[in-house]
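**Student:** I'd like to ask you about the structure that follows.
Laboratory data are not the source of any read-out in this text; all were calculated from the coordinates shown. The structure presented is a predicted model; accordingly, all values stated were derived computationally and were not measured. Using ideal geometry, Cβ is built from the backbone for each residue, glycine included, and neighbour counts are taken over all protein chains shown.
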Amino acid sequence: MDRQEVAHVTTDSPSARAARILARVRAIPEGFVRTYGDIHPAAPRLVGHVLATAPDDVPWHRVVRADGTLPMGPLQRERLWREGVPMRGDRVEMRLARLPEVAS
DNA sequence: GTGATGACGGAAA
DNA sequence: CTTTCCGCCATCA
């Protein structure tokens, strides 16, 4: 389905989307990561904005780019490393750390 | 109201 | 491998 359908199916409203995004991010288990696109395919950039203005009790470091590079640099890298996320150089081994799409 | 920007993604060259 | 280009949506000037 395209983004229009997604928006229709998933009760949209600025706050509702933000809430859904935050919920998904909080659901990422330690040691794994998900990409912006995985969290909200229709608007990856929105995910970034939400995380940027989100409370720090969310595991924002578990959200990385689709190619495994880290948007937040060294800090994020350190946090992921501590959780045992497999990395190669400065990027995450998506093949192993990327969490499969979750239903809901 | 318009236009630029950003913690992005994917396709094309 | 890199660089463009276009689509997305909320914010902000």
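**Student:** Quick one: A:Leu80 ticks every box in (1) assigned to a loop (DSSP other than H, G, I, E, B); (2) touching a residue at least 40 places away in the same chain (Cβ under 8 Å) bar one, so which box is it?
**Tutor:** (1)
**Student:** Restricting attention to segment A:39-77, which residues are assigned to a helix (DSSP H, G or I), within 14 Å of DNA strand C (Cβ to nearest atom) and touching a residue at least 24 places away in the same chain (Cβ under 8 Å)?
**Tutor:** A:Ile39, A:Leu46, A:Val47, A:Val50, A:Leu51
This table checks each residue for (1) among the hydroxyl-bearing types (Ser, Thr, Tyr); (2) out of contact with any His (no Cβ under 7 Å at 6 or more places or on another chain).
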{"position": "A:Gly31", "(1), (2)": "no, yes"}
{"position": "A:Gly37", "(1), (2)": "no, yes"}
{"position": "A:Ala42", "(1), (2)": "no, yes"}
{"position": "A:Leu46", "(1), (2)": "no, no"}
{"position": "A:Val50", "(1), (2)": "no, yes"}
{"position": "A:Asp56", "(1), (2)": "no, yes"}
{"position": "A:Thr69", "(1), (2)": "yes, yes"}
{"position": "A:Leu75", "(1), (2)": "no, yes"}
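**Student:** If you don't mind, there's one more thing I want to ask. Only one of A:Val63, A:Val58 is hydrophobic (A, V, I, L, M, F, W, C), near DNA strand B (Cβ under 9 Å from one of its atoms) and closer than 17 Å to A:Pro86 by Cα. Can you tell me which? Full working, then the answer.
**Tutor:** On the way: A:Val58 fails: closer than 17 Å to A:Pro86 by Cα.
Unique residue meeting the criteria: A:Val63.
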